[in-house]
Structure formats: C-alpha cells, structure tokens
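Taking it in order: structure first as structure tokens, then the write-up.
Each reported figure results from applying straightforward, stated rules to the coordinates on display, with no laboratory input. All values reported here derive from a predicted model rather than from experimental measurement. Don't worry about glycine lacking a Cβ; one is built from the backbone with ideal geometry, like all the others, and counts go over all protein chains shown.
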C-alpha cells in the first residue's frame, strides 16, 4: 500500500469532530479556578497544570500520529514545525510559528498569537506567578516524550502577563532510544 | 476569571465556521454580519475532561470519592452558570420553570452538543427528566457496567467497588453540574443527578427545590 501523503493542519481540523470553543475555554478556566482554590499555592497549580498537560500529551500524540500521516521527522527542526503547523491546528484550531533557533538546532521558540484557552480571561492580582496556559507546556513535553524526545518546555512570554504573544521555548535534551518508549519518571 | 465582555459585536448573528468549506452558502444571510464561532477539536475537550476526573479521583481526593465528585460537579456548575449567562444575555427572563427547562433542552443543549434533548418528562411537581438518547460524552467512553452497577450512579461510596461505574459516574458529575449551574443562573435552585440504566441513553434528573 502506498504511503499516505501527510495532511495539512487545516484539512485535519476540517475533518475531525469539533465543539464550541467556549465550552472548552470555560471548562479550562473553571478547572484552573478550582485548582487555585484546592491547591492554594500558585506554584502548585503551575506544576499540576504541567502534569495534567503531560498526561494529556501522551494520549493526544496517538491521535495526532493517526490523523496526520506525518512520516518520521528528519530532525528536531521539522518536529517543531509539525507541532506548530499541524498539532496546534488540528486540536486548537490555531496555527503557531517557530522562531529563534539556536546554532545547534536543539532549542527554538513556538509563538502563539491566538490562543483559545485565554479567550475572555484576565488574571486577577492574586494570581501573580500563575502560568495559566501551563497545560500546553505539559502537552508538548508529553507528546514529544512518546516519540522518543526528552524536552524542557518553558514560557518566555505570556499574553496574560502583558506580553504581546505567547512564546514557549522548547529545548531538546536528548533522544531516548526506542526500546524504552515508556518512561515512568514524572 | 472569564469575563463576560464580548469580543464580537453581535452575538445573535452567528455563523458556524467550517474551515475548508465555502462559507457563502446562505445568500439570504449576506446582509447579516457573519460572526465566526470559534471551535476546537472535540478530543481537546474530552481529554481535558478525562484528565480533570482522573486528577481529582486518583490524585487529590483518591479514596475520597465524595469530595472528588463535589469538585468535579463544582467545575461543571461554574461552566454551566457562565454559558447560561452568555446564551441568555439578549433574551427576556423566562416566565416559569418549564420554559427555563425547555431552554436547557433545546438551545442550551444544542450549543453544547449540537443536538437537543430527545425526551423531556415531568411529574408537574418540580421533577424533570431530560433524556439524551446518545449522550456525546458517554459515546466515546467504553462504558461496560455490570448488572449491579446499573441504575442511578450518584452514590460515590457505592461506586467504590466498581471502578468502571465510578469512572463513568464521575464523568457524569460534570454535565450534572453544568445543568445545575445553568439553571442557577436562571434563578432556579435544583439538584441534578444522572441515570444511565438505559445506555446509550443518559437521563438527567432535575429536582427543583421549592
């Protein structure tokens, strides 16, 4: 059987079941609010969001691979492009861009100007230090780990803190050998 | 945290975005302002819900299913309250309980699940049963209940013995909360529970507090 051509983010998004983003945005917001009530410390909430994102990412990557028909990425540069153009689009309906590559090609920034998670959201003063969208960093980290890449994902810019875009730095730490794809740390 | 200001100018006139398809299929609408309704993939919402349930049941309140259930229901309540406020901003108040329930069954359910409630029953004494013959959020879960666990699943301690029932029941606290929150915004205090004795149908039992 001839290999299927990789699909564009737009094409996949048009073909999947979609829901009203408001429901998603408000659910996420209610969840963050409940986490703040239950965990009290903003740093704990950040950690929890990252962990939840990680758990989601390790599942979401299966759907991604199944629907996108992407072949194995040649290098990390291609991986980052695929996350930004296909991954973000097919799930969140928005495209991100990739910039700020370092010389070795192992660190880059994913820039998001349009983010459904933060529609109508304002952070109150009591939430200084909260990375509201931290679930995204976990999702990226989790999904990449499932394809044998250990990464570190950190926020450089955050629109809810006054910046003009969301900027996530993704740093490839190492490629994990394929025999042990399921690590049980973290 | 979510403000109610509307980024778009007119909520009433909306056109669902269908990316990739031609959007000028309704020439009669050409004079209305077309507002895009933003969408995300359904899997985003479903994995988020699964993770919320998992975090609260296996994480924070492992071995305390009652507390986990209340938190999940509270998250749903918040969502339902806000959605109900947004969807009724331009409407006059509902005149009676039945009208409010019908709103939940038709417009509200359609916004959330792209379909209406299939069957509404009432005893005319404050209890309403809203039946969705194919509840979307259950359809994608593998629901495999043994005979003992069938029936109303709103008793968390009874669920403890049956993990499948517990997982399903916990997920249902969220839509129960949504309905309770939505009605609360309409001035109606009630209790909402779910009944999945007749899968794939799911019935939401609303008991209005006098």
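Relative to its residue count, region A:86-186 spans a Cα convex hull of 117 Å³ per residue.
The C-alpha atoms of chain A define a longest principal axis, and helix A:134-146 lies at about 20 degrees to it. For the peptide A:8-21, the mean number of other protein chain Cβ atoms found within 10 angstrom of a residue's Cβ is 6.
Taking a quarter of the surface of the Cα convex hull of region A:1-107 gives a mean projected area of 8.9 nm².
Legend: mean number of C-beta atoms from other chains within 10 angstrom of residue C-beta atoms, peptide B:66-79, equals 3.
Here the contact order of region A:9-175, divided by its residue count and restricted to Cα pairs under 8 Å and six or more residues apart, works out to 28 percent. Taking a ≥ b ≥ c as the square roots of the eigenvalues of the Cα gyration tensor, region A:74-113 is classed as oblate, since a/c reaches at least 1.5 and a/b does not exceed b/c. From the largest down, region B:54-147 spans 44, 31, 29 angstrom on the principal axes of its Cα atoms.
Computed over Cα pairs, the Kirkwood radius of chain A leads via Stokes-Einstein (0.890 mPa s, 25 °C) to a diffusion coefficient of 142 µm² per second. Averaged over the residues of B:46-56, the number of partner chain Cβ atoms lying within 10 Å of the residue Cβ comes to 5. If R0 equals 35 Å, the separation of the Cβ atoms of residue A:8 and residue B:129 corresponds to a calculated FRET efficiency of about 0.20. Between A:156, A:23, A:172, the residue with the greatest mean-square fluctuation in the GNM of chain A (Cα pairs under 10 Å linked by springs) is A:23. With the alpha-carbon atoms of region B:59-105 aligned to their principal axes, the span from lowest to highest coordinate is 45, 20, 13 Å, starting with the largest.
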